[in-house]
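Structure record follows, encoded as structure tokens.
The values are calculated or read from the model by the stated rules, or taken from the named source; none is laboratory data. Just so it is clear, the model here is predicted, and its values are computed rather than measured. Counting neighbours? That spans all protein chains shown, and the Cβs are built from the backbone with ideal geometry, glycine included.
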Amino acid sequence: MENRAWLWPSILTFLVITCLLSIVTGPLQIAPLTSFNAVLNWATHLELGAVAPHEQLVINNVRLPRTLLAMTVGATLAQCGAVMQGLFRNPLADPGIIGVSSGAALGAAICIVLFPGSGEYSVAFGAFIAGLITTLVVYRLASSSSGTSVVLLLLSGVAIAALAGAGIGLLTYLADDMALRDLTLWQMGSIAGAQWQYVTLSLLALLLISWQFYRSSKALNALLLGEAEARHLGVEVDKLKFKLIFLCAVGVGISVAATGIIGFIGLVVPHIVRMIIGPDHKRLLPISAVLGAIILALADVGARSLVAPSELPVGLVTAMLGAPFFIFMLLKQKNRLI
Amino acid sequence: MIDIKHVSVRINHKPVLTNINLHIPSGKVTALLGPNGAGKSTLLKSLSQEVQLDAGKITLNDRPLQDFDRLELAKHLAVLPQHASLTFPFAVHEVVAMGLYPLTLSSKQGMELVDEQLSRLALTSLKYRSYPTLSGGEKQRVQLARVLTQLQQAQRPPVLLLDEPTSALDLAQQHRVLSLAKELAHQHNYAVVVVLHDLNQASRYGDNLVILERGQIVSQGPARTTLTPQTIKQVWQYEPQIVNAPGCETPLLF
């Protein structure tokens, strides 16, 4: 068997480098060493390194929350993608493609427009509830005893996204200027407005889903054999499916509430990881989490740098990279789809 | 071992099994036979708790099946599916390791058990091969290794259910799988239940043949007493030619 002892050290090194790169990048030039000192000062609450107050302020309130939010959301979306692919027994399942992100965005939009001033947590809750309902609807539409149909899965996604789009369109019409800005941001997906309370919330969601997904990894492997086979192995299939759908809705809902719709991370990352280490969920899920964090943080660095001093919504960057990849996967599966 | 008493099953309000009474002993191969729609697969599914009984009860070692929790039952009763497809490219040893799910073993013990089952089914050379690239016969052997792994912590004689295990296999593979089923029953005291279409295979490998017609048992016993021209004509509406070939314990049917 191939020795993969190199994998964890190298991917974690890459994560640290990406983290530093993200903290250094921005319109205000802050030297890498100063940035590092500022992070140390922030982490220890001590003045260990010399950093100008305005630089410390930028690191504390802008760059660190932004980097951490990109990483937690990337790790969450990548794991939710991997789990949905296992649950649907289909490598094309992704929260964005099958419409779950759109549904969650509609839930968030309803909260922000119809219940203004109800606070960030209620927006997250709205996104979670709508994400949960959407996942259940898509699962119902696309599943049969023999698995899920790719065609039905994608068409369900199109239908849900269209419905959610119409709902968000209607809310846009009703919204005031402030809400309108937020709605536009969501639909594009952006980490620019990262706030600490969303970092905390998405970190808590990430810890919860990572722990529970990892505990379910053996059962998820068994589920790939088919539902009847998983039952014969002793898996409580219905309980497992409900638990995973619930956790995906928590992960995607909170991610969407925090950053808007960021597509393709959940599709691309697990696929790359499967090519390197195989499909066993026990290894796939943690590695996907780290790679998802790296890729979304890098995409955000790209979003900040490509048209500097202005910036692109990060959802646009992930779509530009992910959509061709999706087309490539569709071509690969073409014979099975027809 | 397994006792089926007065079992009836309806699917979509249609009776599929009616008042089935059957004893399945350990150490024997019980073959379920009958034309399409006779209820063979439903009977197998009622043993694996995939269908709800309308009436009657099934006990395993005098304990009703529904009293077992899923993990406990999985240690004693395993099902080899007709064919199991996997969308993702698991390696052969990973598929076999899925059989460890209900067991309580350390990862080292688990790996040893997987290696043991791989070697038992002559799959060691394919250990790291990707499952989707295997031939139909190889896939079936891998699934059998997985199912046997699952039964390694059974406290009492385990039950192995095989649903048309030979349908996707060539001639040699068919005989290999059925020989192994017979060996498990005779040498390792497994209770083997197998759904078959081929009467000659049933007569060669089955110790107790159960013939079903329209959800009812019409005959059961050894091949010599059950596979009679009258029964075959009644159940399959086909008049067979029966040849007593030299060297064959059971008659051949054409």
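I'd like to know if the stretch A:62-70 contains one or more residues that are free of Cβ contacts under 8 Å to residues at least 60 places away in the same chain, farther than 27 Å from A:L267 by Cβ and not hydrophobic (A, V, I, L, M, F, W, C). Yes: one or more hits. Cβ-Cβ contacts under 6 Å between residues 6 or more apart (or on different chains), taken from a first residue in the stretch A:232-259 that is under 30 Å from A:L183 (Cβ atoms) to a second residue that is modelled with pLDDT of 90 or more and small (G, A, S), are listed as A:V250/A:A205; A:G251/A:A205; A:I254/A:S202; A:I254/A:A205; A:A258/A:S202.
Rundown of residues vs (1) part of a loop (DSSP other than H, G, I, E, B); (2) within 14 Å of another protein chain (Cβ to nearest Cβ); (3) touching a residue at least 40 places away in the same chain (Cβ under 8 Å), yes/no style:
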position: A:G193; (1), (2), (3): yes, no, no
position: A:Q197; (1), (2), (3): no, no, yes
position: A:T200; (1), (2), (3): no, no, no
position: A:L204; (1), (2), (3): no, no, no
position: A:E229; (1), (2), (3): no, yes, no
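Here is a check on your reading of the model: is B:K75 part of a helix (DSSP H, G or I) and either within 12 Å of chain A (Cβ to nearest Cβ) or more than 19 Å from A:L284 (Cβ to Cβ) (or both)? Here the answer is yes, as B:K75 does meet what is asked. Beta carbons closer than 8 Å, at least 6 apart along the sequence or on distinct chains, pair a first residue in the stretch B:34-63 that is farther than 24 Å from B:A202 by Cα and away from every other protein chain (no Cβ under 14 Å) with a second that is of a type in the set (K, R) and surrounded by 15 or more Cβ atoms within 10 Å (Cβ to Cβ) for B:D54/B:R10.
Selection of the stretch B:143-165 for residues being modelled with pLDDT under 90 and buried (at least 24 other Cβ atoms within 10 Å of the Cβ) yields only B:P165. Report yes if A:S144 is closer than 30 Å to B:P132 by Cα and at pLDDT below 85, otherwise no. Yes, satisfied. Exactly one residue out of A:G263, A:G189 is closer than 22 Å to A:S22 by Cα, more than 14 Å from chain B (Cβ to nearest Cβ), surrounded by 24 or more Cβ atoms within 10 Å (Cβ to Cβ) and in contact with a helix residue (DSSP H, G or I) (Cβ under 6 Å, 6 or more places away or on another chain): that is A:G189.
Please go through the stretch B:78-104 and give me each residue that is assigned to a loop (DSSP other than H, G, I, E, B), over 18 Å from the mean Cα position of the chain (by Cα) and facing chain A (nearest Cβ under 7 Å), ordered by number. B:L86, B:T87, B:F88, B:P89, B:F90, B:Y101, B:P102 - these are the residues of the stretch B:78-104 that are assigned to a loop (DSSP other than H, G, I, E, B), over 18 Å from the mean Cα position of the chain (by Cα) and facing chain A (nearest Cβ under 7 Å). With the condition kept exactly as written, say whether any residue in the stretch A:210-219 is within 14 Å of chain B (Cβ to nearest Cβ) and of a type in the set (S, T, Y). Yes, that holds for at least one residue.
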